1. Quick one: how many residues across the range 20-46 are modelled with pLDDT under 90 and of a type in the set (Ser, Thr, Tyr)?
2. Determine whether ARG11 is modelled with pLDDT under 90 and touching a Cys at 6+ places or on another chain (Cβ under 9 Å).
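The values are calculated or read from the model by the stated rules, or taken from the named source; none is laboratory data. If you're wondering where the values come from, they're calculated on a predicted model, not measured in any experiment. Because the Cβ atoms are built from the backbone with ideal geometry, glycine has one as well, and the counts that use them run over all protein chains shown.
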Amino acid sequence: MISAIGRLADRMLVRIAPRAEASAGCSYAWYICYCSGGLRYSQQCMYGCPQVPNHCINGCQVVGTC
């Protein structure tokens, strides 16, 4: 039951995270790269900060399941 809830939460996050924007504090947010083999790959990016170019750090990493 708990794993089913976790999978549902992961699916909801996949749909919400790509639309997330950096807050006024200009912090990094996780953005989905792709899903493969049941694993979700994401990277940390910063978008929409004043006077800071949009950019991502590190490469895509496994951060959960699809």
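1. Looking only at that region, the number is 2.
2. Details: modelled with pLDDT under 90: yes; touching a Cys at 6+ places or on another chain (Cβ under 9 Å): yes.
In short, yes.
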